[in-house]
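The values are calculated or read from the model by the stated rules, or taken from the named source; none is laboratory data. Source: prediction; values computed, not measured. All Cβ positions, even for glycine, are placed from backbone atoms using ideal geometry, and neighbour counts span all protein chains on display. Surface accessibility is based on the protein's heavy atoms, side chains included, excluding ligands, DNA and RNA. Shrake-Rupley method; radii C 1.70, N 1.55, O 1.52, S 1.80 Å.
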Amino acid sequence: FFSIRAYAEGMIKRDLTIRVKTVGLDGKDSNMKFLELDEMKKLESYAYDRYLENDAFLAMIISIHTGLRFGEVAALRQSDIDYQHKELSVTKTIDMYGNERKPQTKNSIRKIKIDDTLLDTLKLIETVDDDYMVKSNAQRVTWYIHSATKELGIKNVTFHALRHSHASYLTSRGIAIQYVSERLGHADVSITQQVYSHLLKSLRDQEEDKTIFLLNAL
């Protein structure tokens, strides 16, 4: 497991497990790792009704709109938001012990474009001395996600699934996988391709059908 994580984060140059065959139970179904568009919209709307009173919901909104990891969301300050150029800078993360540190790979340090809806939301967040915009820890945010999904009657997911939901939405709408990979801060585009292989196959099938249609029309 460590070598897989180390390769994904760019700490080593070669995946040491590439020839290893594993046996056991099947993993969680791929569609359980992200919310469908209608589910994502329901959770987003639910969060927008509550984020000014509870920053756990602000964390959900940020991840839905940016695909940031929880540690990256937790490390955000107002000074990381460029309202003029509509960009968000990811330069640090909060680890599981609550300590601020630099991201492990250069790819994780990035600037991403953000939409007007999120910009308007972030403008309303007041902090003292440029403190963190989200102070809730991962366990607290996860509890509220579980509570919200149960109340809404939608798929029960983890916070990380919001990152997958963001990427899956963009990928399913035809956004280039290279850009999605950069936006997520993946160490290598092959990681993005592996994680979202099920969606990429679906898009490939669509492109194949369109290709045959065009060729038949010659």
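Taking residues in the stretch 68-89 that are without any contact (Cβ under 8 Å) to a residue 60 or more places away in the chain, and partners anywhere that are part of a loop (DSSP other than H, G, I, E, B) and among the aliphatic types (A, V, I, L, M), the pairs with Cβ atoms closer than 7 Å and at least 6 places apart or on different chains are L76/M133; L76/V134; R77/M133; Q78/M133; K86/I114; E87/I114; L88/I114. Can you pull out every residue in the stretch 79-117 that is part of a helix (DSSP H, G or I) and either among the hydrophobic types (A, V, I, L, M, F, W, C) or under 24 Å from N137 (Cβ atoms) (or both)? Of everything in the stretch 79-117, those that are part of a helix (DSSP H, G or I) and either among the hydrophobic types (A, V, I, L, M, F, W, C) or under 24 Å from N137 (Cβ atoms) (or both) turn out to be S79, D80, S108. Scanning the stretch 31-67 for residues that are assigned to a helix (DSSP H, G or I) and basic (K, R), we see that the one that is farthest from S147 (Cα to Cα) is K41.
In the stretch 69-87, what count of residues is obtained for those that are open to solvent by less than 20 Å² (accessible area, probe 1.4 Å) and either touching a helix residue (DSSP H, G or I) at 6+ places or on another chain (Cβ under 6 Å) or aromatic (F, W, Y) (or both)?
Here is the first cut: in the stretch 69-87, the residues open to solvent by less than 20 Å² (accessible area, probe 1.4 Å) are 71-76, 80-81.
Those left that are additionally either touching a helix residue (DSSP H, G or I) at 6+ places or on another chain (Cβ under 6 Å) or aromatic (F, W, Y) (or both): 73, 81.
Residues meeting the conditions: 2.
Return the residue satisfying two criteria in turn: it lies in the stretch 92-126 and is free of Cβ contacts under 8 Å to residues at least 40 places away in the same chain, open to solvent by 60 Å² or more (accessible area, probe 1.4 Å) and touching an Asp or Glu at 6+ places or on another chain (Cβ under 7 Å), and of such residues it is farthest from E182 (Cα to Cα). Going through the qualifying residues, I end up with R101. If we keep just the residues of the stretch 68-78 that are not basic (K, R) and not in a helix (DSSP H, G or I), which is nearest to the chain's Cα centre (by Cα)? Selected residue: L68.
Against the test of being within 16 Å of the chain's Cα centre (by Cα) and β-branched (V, I, T), the options T127, T121, T158 yield a single qualifying residue, T158.
Hey, can you tell me all the residues within the stretch 142-164 that are assigned to a helix (DSSP H, G or I) and either within 20 Å of Q78 (Cα to Cα) or open to solvent by 30 Å² or more (accessible area, probe 1.4 Å) (or both)?
Narrowing the stretch 142-164 to residues assigned to a helix (DSSP H, G or I): 142-152, 160-164.
Of everything in the stretch 142-164, those that are assigned to a helix (DSSP H, G or I) and either within 20 Å of Q78 (Cα to Cα) or open to solvent by 30 Å² or more (accessible area, probe 1.4 Å) (or both) turn out to be T142, W143, Y144, H146, S147, K150, E151, L152, H160, H164.
Residues in the stretch 171-191 that are in contact (Cβ under 8 Å) with a residue 24 or more places away in the chain and open to solvent by 10 Å² or more (accessible area, probe 1.4 Å): S172, G174, E182, R183, H186, A187, D188, I191. Can you find, within the stretch 192-218, the residue that is modelled with the highest pLDDT among those that are within 16 Å of the chain's Cα centre (by Cα) and surrounded by 13 or more Cβ atoms within 10 Å (Cβ to Cβ)? That would be T192.
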